[in-house]
1. Rounded to the nearest angstrom and ordered from largest down, what semi-axes does the equivalent ellipsoid of region 8-298 get from its C-alpha gyration tensor (root of 5λ)?
2. For Ala297 and Ser26, what is the calculated FRET efficiency with R₀ set at 25 Å and r taken between the beta-carbons, to the nearest 0.05?
3. Could I have the simple spin-label model distance between Ala177 and Asp189, label points 7 Å from Cα toward Cβ, reported in nm to one decimal?
4. By DSSP, what percent of the beta bridges with both residues in the chain are antiparallel, rounded to the nearest 5?
5. Quick one: length gained pulling Glu19 to Asp148 fully straight, 0.36 nm per residue minus the C-alpha distance?
6. Between Arg140 and Arg51, what is the label-point separation in nm under the 7 Å Cα-to-beta-carbon projection?
7. Could you tell me which trypsin sites (Lys or Arg not before Pro) in region 29-125 are loop residues by DSSP with no more than 15 other beta carbons within 10 angstrom of their beta carbon?
8. Please give the Cα centre distance for region 95-155 versus region 169-223, rounded to the nearest Å.
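Bear in mind these aren't lab numbers, they're just calculated from the coordinates by the rules spelled out. For clarity, every value in this text was computed on a predicted model and none was experimentally measured. In this analysis, Cβ positions are derived from the backbone assuming ideal geometry, glycine residues included, and neighbour counts consider all displayed protein chains.
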Amino acid sequence: MVDAVLPTILDGGLATELERRGHDLSDDLWSARLLRDDPDEIIATHLSFFRAGADVATTASYQASFDGFARHGLSTSQAEQLMRSSVELARVAASLAEAEDGVRRVVAASVGPYGAVRADGSEYSGDYGVSDAHLGDFHRSRMAVLADAGADLLALETVPSQQEATVLLELLEEMPAGTSAWLSLTCADARRTRRGEDVAAVFELAASSGRLVAVGVNCTAPQHVAALVRTAVEASGKPAIAYPNSGEGWDAEARSWSGPGTVVDPAMAREWVTAGATYVGGCCRVGSADIAGLATALG
């Protein structure tokens, strides 16, 4: 991992940057569609974040799953290869960036929530109506592929509920020795998960895991992040991670963002670092220009 004496700078929203580059991501595969249709653009987009100052690329596997690819006519072996390619493409971009400036980059394999693959907005409610066993069966195979694909760690991200966090942490222990991850929740406010649970109780689940390098929040409105970072550190005893969205809300029917938003404010980001965040970046609606400003402000 990157030495985090200064905060490690994460990338921003991969889909946001791909849309800025002119791609239509309106179908249910979202950015994962381009793993099949335009892999060179995935490389170019990761590289744009690296050139903006990011130390970490989060792969285009957030919405990738065996079920999701099967709905698009892909076989199990084809789906597995696309998931592996998400890591390979990020690694290519990392190598290109390292050749330019000599700074080592990190690849985090994104493991998005069950709701993201449903493409119905339920990742922002956590109201899945499925059993722990069902969630385990869904995540286990994709996590195993990504853990074996050569990433530096897994990004267990945009987790909306205690149920899904519990399942993911149990599965993390099943992964090969040496597999590490960060766990990042999406929260409704400064105290509650999207499912409405006490966020401190969920962060406490991470305290006993020796495989987590950081615990925190993403795809959460920026104004809630400082308080959540403090809670994450206190409850888990681990370094924190913070990569909020712009504060806008996702309309699942219209498949668009709405409401007031803002760029990631460097002053707010410095507060997150003071609160204990050692990994800082952005999520949905945060582009490479925002990451450039963040990287400059955080040194």
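1. Details: eigenvalues 113, 104, 73 Å².
Gyration-tensor ellipsoid for region 8-298: 24, 23, 19 Å.
2. Values: r = 33 Å, r/R0 = 1.33.
Computed FRET efficiency for Ala297 and Ser26 comes out at 0.15.
3. Simple spin-label model gives 4.7 nm for this pair.
4. Working: 5 of 30 bridges.
In the chain, DSSP labels about 15 percent of beta bridges as antiparallel.
5. Details: separation 129, 0.36 × 129 = 46.44 nm, distance 2.93 nm.
Contour length minus the Cα-Cα distance gives 43.5 nm.
6. Those two pseudo-labels are separated by 4.4 nm.
7. Values: sites: Arg33, Arg36, Arg51, Arg71, Arg84, Arg91, Arg104, Arg105, Arg118; in loops: Arg104, Arg105.
Those satisfying the criteria are Arg104.
8. 13
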